[in-house]
Structure formats: structure tokens, C-alpha cells
Amino acid sequence: MDKYGSLRKKAAQIRRDIIDMVYRSAAGHVGGSLSETDILVSLYYCVLNVDPKNPLSPDRDRFLLSKGHSIDAYYCVLADKGFFPKDDLKSYSQFSSKYIGHPNNKIPGIEMNTGSLGHGLSVGVGMALAGKMDNKTYRVFVLLGDGELAEGSVWEAAMAASNYELDNLTAIIDRNGLQITGKTEDVMRIEPLAMKWESFGWNVIHTDGHDFPSLCDAFSKKNIIPGKPTVVIAETVKGKGVSFMENNPKWHHGVMNEAEYKRACEELDKVPEVCE
Amino acid sequence: MNTIHNRRVVCETLIELSEKDRDIVVLCSDSRGSASMAPFAEKFPSQFIETGIAEQNIVGIAAGLAASGKKPYVASPACFLTTRAAEQIKIDVAYSNTNVKLLGISAGISYGALGMTHHSLQDIALLRAIPGILIAVAADRHEAKRLTEAFNEYTGPAYMRIGRNPVEDVYDSDDYDFQLGKAITMRDGNSLSIITFGETVKTALEAAELMSTGGIDCRVINMHTIKPLDNDCILKAANETGAIITIEEHSIFGGFGAAVAETVVQNCPVPMKIMGIPDEPAVPGKSREVFAYYGISPENLCIEAEKLIKMKKNGW
């Protein structure tokens with residue numbers, strides 16, 4: 001199996017872990033977690049310089065989940081990478097668990113508490129500025145939802161990042177086109193998205209958010225334009241990998257019944273790389 | 001009459017500290033002039049960040065800097081910083097426990113005639129309900145220096161509230177025992193206590209002096225740290241003096257007086273009077289004029305003191 005086949009297999013396993021966790025806990029934001037899974041797998045298995053044994057290394061790359069509600073995929077990836085034991089996730093969303101429904105920096109591997117939208121990019125700007133001040137070579141990645149882009153603070157941060165010429169900062173838009181109420185373009189039009197970021201002074205890369213060669217290429221250092229922050233607009237499918245969840249806003253934070261859970265598992269177990 | 005602004009002292013102290021501590025970063029939101037931080041920006045351009053008029057962004061950026069080992073000081077008008085960026089303070093600073101120092105400039109009613117948009121009379125109520133933020137106010141320029149030094153030693157989220165105009169000294173020098181969280185008894189007395197902070201410490205001392213001519217022996221406490229409160233000092237005052245006036249340059253709802261009352265009423269109930277700005281847009285004017293309008297003058301404080309002492313004697 002080649003590198004990208006391994007990533008596809010890993011992504012299928014992570015999706016299965018997500019489905020298991022959210023079914024077991026009857027909680028979570030499954031739709032956005034499934035749409036961002038391939039982005040996270042690309043980052044954590046192909047791009048980011050992070051060490052689960054030394055999660056606070058000063059030279060580590062930083063990742064911020066600004067769309068903090070899509071925590072399920074994030075937890076499953078961090079657990080799979082060894083930042084904490086997978087068994088810990090059995091307490092997900094349970095009484096007094098630290099594994100709450102949004103990122104919590106008491107958990108190894110998580111940089112900041114997020115969950116209210118529109119915060120992550122500013123924090124990422126601060127981390128990237130600190131890197132520049134200290135002549136560090138680490139990169140900062142911030143994953144945002146597309147519905148999140150209606151938050152004005154995102155654009156304050158976008159303006160600042162290009163003003164400070166933060167080429168060590170990459171924003172990623174999980175462009176699944178849906179938010180809790182329905183289509184982003186019906187709720188609050190955010191297109192033309194690429195033009196918006198370009199006009200704010202960003203290096204814009206469009207990519208298929210489920211294609212590993214494209215994602216890994218998009219995040220590669222070779223695409224950095226000196227003096228410009230980069231935004232990767234990743235076209236994704238909300239609920240990706242589970243047919244009845246795909247493109248259905250109901251699954252923004254829907255809870256599966258037993259039949260739905262079994263069907264989701266069957267579909268994910270049929271991914272070719274899993275069957276190999 | 002002192003003419004040195006507390007904000008200027010904060011800047012000078014940060015310049016002194018930055019000579020040795022290169023992790024200090026000052027951030028301004030088009031506010032280096034109003035925050036008196038221009039000298040810092042000139043002296044340490046590589047440790048100064050201008051964010052433009054974007055309070056949410058400035059707090060988020062500061063949190064990111066702190067999470068990367070820097071010691072950021074956000075100097076921005078208190079009115080905008082604490083309400084516009086309230087959620088960034090709650091989440092990126094307090095909840096994420098980042099070592100961000102918030103310097104709320106021209107706080108209270110010190111912007112005077114600029115009106116309610118520029119008054120900051122809710123910041124204490126708002127911030128003290130958020131777990132994990134230390135809140136402190138200096139009574140004069142000497143305390144501003146000590147407080148800034150203490151902030152730099154303290155690791156964790158903290159908010160310093162700073163007025164716009166020079167205030168009269170209440171200390172002779174900066175050589176006195178100052179500790180975060182430890183109130184200072186400025187004048188001892190047993191008839192009642194005035195507990196306050198910031199600019200009104202001076203008013204309280206003047207009131208106590210005036211009261212002494214009428215035989216009232218008033219204790220004056222400078223509660224420079226509003227959170228965590230020095231509860232021991234408050235309860236000692238309640239026990240020993242039996243009546244308390246609080247004064248705050250802040251709304252009387254949910255602020256300092258409320259905080260003191262929470263401690264007093266649950267542990268040692270005594271008659272109290274909470275002086276501050278009532279539930280209305282504050283009247284425009286110079287600080288002393290506004291304070292007097294709302295009864296915060298030495299003369300009126302004497303009247304309030306007599307009422308409380310009477311209540312105390314009558315077994316209220």
C-alpha cells in the first residue's frame with residue numbers, strides 16, 4: 001500500500017473510531033467531524049511536526065481547531081497518535097470527564113480551548129508572530145468551518161495576518177457548504193470566498209478536501225509565498241463516508257440509533273484500503 | 001498636585017522591566033497615545049505590536065503570544081477592551097489560562113464628557129464573574145509602579161484598571177509593603193470602615209480626616225486587588241468596626257461593593273453602604289465633579305458614615 005493508501009486506511013479507521021465514540025456517548029458533532037477527518041489525517045500523519053511524547057516542545061508545529069465543535073475527529077486522531085490512551089475516550093462527554101465536547105488544553109496535544117467560533121485565527125496569528133519574533137521555523141495551522149466565516153473576528157485576524165506577513169501561518173477552511181441551519185449560502189453568503197481571502201492579502205489554494213495527494217500538496221512548504229499567509233480552501237462533504245449523513249445538515253450534531261450505527265459501520269468497513 | 005499619570009508610570013515600569021525581560025510584548029489597538037505607550041513602542045519596536053482598532057483580535061493575538069512563551073500586555077481603552085472583547089477574555093485568556101496581562105486604560109468615568117460609550121463601569125462586574133482572572137487597580141502613581149512590577153512576576157491572566165488623569169498621591173513613595181491580594185489599611189479606626197480602590201482612596205482619606213473632627217474614627221482600606229479579595233481584611237473590618245462603606249468608580253451592580261457584601265453578609269453581617277455609579281449613563285464631567293454628584297465627596301461620606309453608625313448603634 002502506498003503512502004496515500006495508508007492515509008486512506010487511517011482515515012477510514014478514524015471515521016470508524018468517531019462513529020463508535022459518538023454512538024457510545026450519544027453526543028458529538030459527527031457531520032463536521034467526518035468532513036474534516038481527511039484534513040486532520042493529512043496534517044497529523046503527513047505534515048505536522050508534533051511529538052506525542054513531548055507535546056509542548058517549543059519547536060513543534062501548532063494546530064488550532066477553531067471549529068471546536070468538530071472535536072470528535074480531533075480526539076480520535078490525537079488518541080491514535082498516542083497523545084493520550086484511546087481508552088480515555090470512553091469517558092467522552094460523560095460526567096466530570098476532561099474529554100468534553102470542545103477542545104480543552106488540559107488534554108495533551110491540544111493547544112487552546114476553543115468552541116466559540118471566530119477565535120482560532122487570532123490566536124494563530126499570535127502564535128505565528130511569536131515564532132517570527134523568536135526566529136523559530138515552526139508553522140501554525142488553524143482549521144475553520146465555513147459557517148464560522150460569518151464571524152467578524154475572523155476577518156480582523158485575516159487582515160492582521162497579511163499585515164504582519166505571516167507566511168508561517170496556514171488557515172484551512174473546511175468548505176462543506178453546510179451549517180446547522182442549512183446551506184452556508186442560504187444562511188449568510190460567504191462566496192466569492194477565494195476573492196475575499198485574496199483581497200485580504202492571502203495566498204489562496206483550492207483543493208479537494210478528501211483527496212490525500214491534493215491535501216498533502218496543499219499543506220506543503222513549497223507552496224508558501226514569502227511574506228504571505230496561506231489559506232487552503234478544502235472542498236469537503238459534510239458527513240463524508242457515511243452515505244445517509246452526507247450533505248445532510250441534520251447530522252451536524254445528530255445522534256445515531258442502533259440501526260444507523262450498524263449501517264455506518266458497515267459502510268466504513270467496506271473502504272477498499274480497510275478490506276485489503 | 002501630582003501631574004504624573006498612572007498610565008505613564010505603567011509604561012515607564014514596563015520599559016524598565018523590558019531591559020531585562022525580553023519576553024515582554026506590549027500590544028496596542030491604535031491606543032499607544034491614549035495608553036501612554038508610545039515611549040515603549042519607540043524603545044522596543046521589536047517587542048511592540050500594533051493591531052489597529054480590533055479589540056477581539058488584540059486579545060486573541062495576545063493569547064497566542066502567551067501560549068508561545070511571551071508575556072503580552074494589552075494596553076487598550078478599558079471600555080472597548082473589556083466589553084468588545086469580553087468573550088476573547090473569557091475563553092482565550094481566562095479559560096485557556098494564558099499569561100495575558102490586560103491593561104484597561106482610561107477606565108471608570110475618566111473619559112468624562114465623552115459619555116457612556118467611553119465609560120467603563122461594567123468591567124469589574126463582568127470580569128470578576130469569569131474564573132481565573134486577577135483584577136487590580138492602583139491608587140496612585142507609586143502603586144501603579146508596584147502593581148506593574150507585581151503583574152510581571154505573576155503568571156496567569158490579570159486585568160489592571162487604569163484611570164486617564166493624574167491622581168493625587170496617597171503614598172509618599174513606592175517603598176512600602178505591596179502584595180497582590182493583600183489589602184492595605186491606610187488609616188486605622190474603629191467607628192466604621194471605608195473600603196475602596198483606585199482614585200477614591202484619596203477621597204476616602206479626606207473623608208476620614210473630616211470625620212475625625214466630628215469624633216468619628218474611620219478606618220480606610222485600599223483594596224487594590226479586587227479579585228481575589230482580601231476577605232480576612234474585610235471580615236476584620238466588619239468585626240472590629242461594625243459598619244462598612246464601599247466606594248467604587250463603577251456601577252453599583254455586581255461590582256466591588258457587591259463583592260465586599262458577598263463576603264460580609266455570609267460571614268459577619270454589618271450595616272453597609274455601597275457608593276458608586278447608579279443604574280444610569282453616568283453624568284459627564286471631571287472625575288471629582290462626577291464623584292461628588294453621586295455622593296462620593298468627603299462631606300457626603302461623613303453624612304453616610306453617621307447614618308451607618310446610627311444603624312449599628314440601634315441594632316439595625
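The values are calculated or read from the model by the stated rules, or taken from the named source; none is laboratory data. Here the structure is a predicted model, which means the values were calculated and not measured. Note: ideal-geometry Cβ built from the backbone for every residue, glycine included; neighbour counts use all protein chains shown.
Of the residues screened, residue B:76 is one that is out of contact with any Phe, Trp or Tyr (no Cβ under 7 Å at 6 or more places or on another chain), in a strand (DSSP E or B), modelled with pLDDT of 95 or more and polar (S, T, N, Q).
The condition (being in a loop (DSSP other than H, G, I, E, B), modelled with pLDDT of 95 or more, under 30 Å from residue B:50 (Cβ atoms) and under 18 Å from the mean Cα position of the chain (by Cα)) is satisfied by just one residue among A:108, A:103: A:103. Screening residue A:42 against (1) within 14 Å of chain B (Cβ to nearest Cβ); (2) buried (at least 20 other Cβ atoms within 10 Å of the Cβ); (3) under 27 Å from residue A:216 (Cβ atoms); (4) of a type in the set (S, T, N, Q) leaves a single unmet condition, (1).
Does the stretch B:101-118 contain at least one residue that is over 23 Å from residue B:200 (Cα atoms) and assigned to a strand (DSSP E or B)? Looking through the stretch B:101-118, at least one residue is over 23 Å from residue B:200 (Cα atoms) and assigned to a strand (DSSP E or B).
Give the residues of the stretch A:116-149 that are part of a loop (DSSP other than H, G, I, E, B) and within 16 Å of the chain's Cα centre (by Cα), sorted by residue number. Reasoning before the result, please.
The first filter runs over the stretch A:116-149 and keeps only residues part of a loop (DSSP other than H, G, I, E, B), leaving A:116-119, A:134-139, A:146.
Listed by number, the residues that qualify are A:116, A:117, A:118, A:119, A:139, A:146.
Would you confirm whether or not the stretch A:117-133 contains a residue that is out of contact with any Pro (no Cβ under 6 Å at 6 or more places or on another chain), surrounded by fewer than 18 Cβ atoms within 10 Å (Cβ to Cβ) and more than 8 Å from every other protein chain (Cβ to nearest Cβ)?
Narrowing the stretch A:117-133 to residues out of contact with any Pro (no Cβ under 6 Å at 6 or more places or on another chain): A:117-133.
From what's left, surrounded by fewer than 18 Cβ atoms within 10 Å (Cβ to Cβ): A:132.
Now restrict to residues that are more than 8 Å from every other protein chain (Cβ to nearest Cβ): A:132.
For the stretch A:117-133, residues out of contact with any Pro (no Cβ under 6 Å at 6 or more places or on another chain), surrounded by fewer than 18 Cβ atoms within 10 Å (Cβ to Cβ) and more than 8 Å from every other protein chain (Cβ to nearest Cβ): present.
So, residue B:288, is that one at pLDDT below 95 and of a type outside the set (Phe, Trp, Tyr) or not? In short, yes. Just one residue in the set B:130, B:89, B:124 is within 14 Å of chain A (Cβ to nearest Cβ), crowded, with 20+ Cβ neighbours inside 10 Å and outside any strand (DSSP E or B); that residue is B:89. At least 3 residues being over 25 Å from residue A:164 (Cα atoms) is the threshold, and among the helices (runs of 4 or more DSSP H) wholly inside the stretch A:187-276 those reaching it are A:212-219, A:258-269, A:272-275.
What about residue B:176, is it under 14 Å from the mean Cα position of the chain (by Cα) and either over 15 Å from residue B:5 (Cβ atoms) or of a type in the set (Val, Ile, Thr) (or both)?
Numbers: under 14 Å from the mean Cα position of the chain (by Cα): no; either over 15 Å from residue B:5 (Cβ atoms) or of a type in the set (Val, Ile, Thr) (or both): yes.
Answer is no for this residue.
Scanning the stretch A:145-163 for residues that are touching a helix residue (DSSP H, G or I) at 6+ places or on another chain (Cβ under 6 Å) and within 8 Å of chain B (Cβ to nearest Cβ) turns up A:153, A:156, A:157, A:160.
Give the stretch A:29-68 a look and list any residue that's part of a loop (DSSP other than H, G, I, E, B) and touching a strand residue (DSSP E or B) at 6+ places or on another chain (Cβ under 8 Å), or say none. Working first, answer last.
The first filter runs over the stretch A:29-68 and keeps only residues part of a loop (DSSP other than H, G, I, E, B), leaving A:29, A:48-61, A:66-68.
Passing the criteria: A:48, A:50, A:61, A:66, A:67.
Taking each residue of the stretch A:54-74 that is farther than 24 Å from residue A:15 by Cβ and within 11 Å of chain B (Cβ to nearest Cβ) and looking for partners that are of a type in the set (S, T, N, Q) and surrounded by fewer than 24 Cβ atoms within 10 Å (Cβ to Cβ) with beta-carbon atoms closer than 7 Å, six or more apart or interchain, yields A:60/A:49. Contact map, the stretch A:214-240: first residue at pLDDT below 95, second residue small (Gly, Ala, Ser) and buried (at least 24 other Cβ atoms within 10 Å of the Cβ), Cβ cut-off under 8 Å, separation 6 or more or different chains; the map is empty. None of B:196, B:213 is under 16 Å from residue B:135 (Cβ atoms) and of a type in the set (Ser, Thr, Tyr) except B:196.
All conditions but one from (1) closer than 20 Å to residue A:123 by Cβ; (2) more than 8 Å from chain A (Cβ to nearest Cβ) apply to residue B:51; the one that does not is (2). Residue A:271 falls short on exactly one of the conditions (1) at pLDDT 95 or above; (2) out of contact with any Cys (no Cβ under 7 Å at 6 or more places or on another chain); (3) buried (at least 17 other Cβ atoms within 10 Å of the Cβ), and that condition is (1). For residue A:170, the requirement of being more than 20 Å from the chain's Cα centre (by Cα), more than 9 Å from chain B (Cβ to nearest Cβ), on the phi < 0 side of the Ramachandran plot and modelled with pLDDT of 95 or more is not met.
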